[in-house]
1. For Cα pairs less than 8 Å apart in space and 6+ apart in sequence, what is the mean separation divided by the residue count of the chain, i.e. the relative contact order in percent?
2. Tell me, what is a quarter of the convex hull surface for the C-alpha atoms of the range 2-72, in nm² with one decimal?
3. If you count, for each residue, the other Cβ atoms within 10 Å and average over each peptide, how do 39-47, 22-30 line up from highest to lowest?
């Protein structure tokens, strides 16, 4: 199992989408939110994701394909 911290910047039109649920269910990745902010234009979530490396990468790739900016936290 691997743990990674990332920042999701979510476009306004996707704020009501079940993004974290989908990552959890489709890619078997545990997702914990440790901070979030929502403005008029976008949402920002600080996440810790846990799972197999391949599953995490696939879940993050799915998110980016949906238009979410994903940035690693060092």
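Laboratory data are not the source of any read-out in this text; all were calculated from the coordinates shown. Treat the numbers as computed from the prediction; the structure is a model and nothing was measured. Neighbour counts are summed over all protein chains in view; Cβ atoms, including those assigned to glycine, are modelled from backbone coordinates with ideal geometry.
1. 46 percent.
2. Details: hull surface 16.2 nm².
Result: a mean projected hull area of 4.1 nm².
3. Working: 39-47: 14.2, 22-30: 16.2.
Result, highest mean first: 22-30, 39-47.
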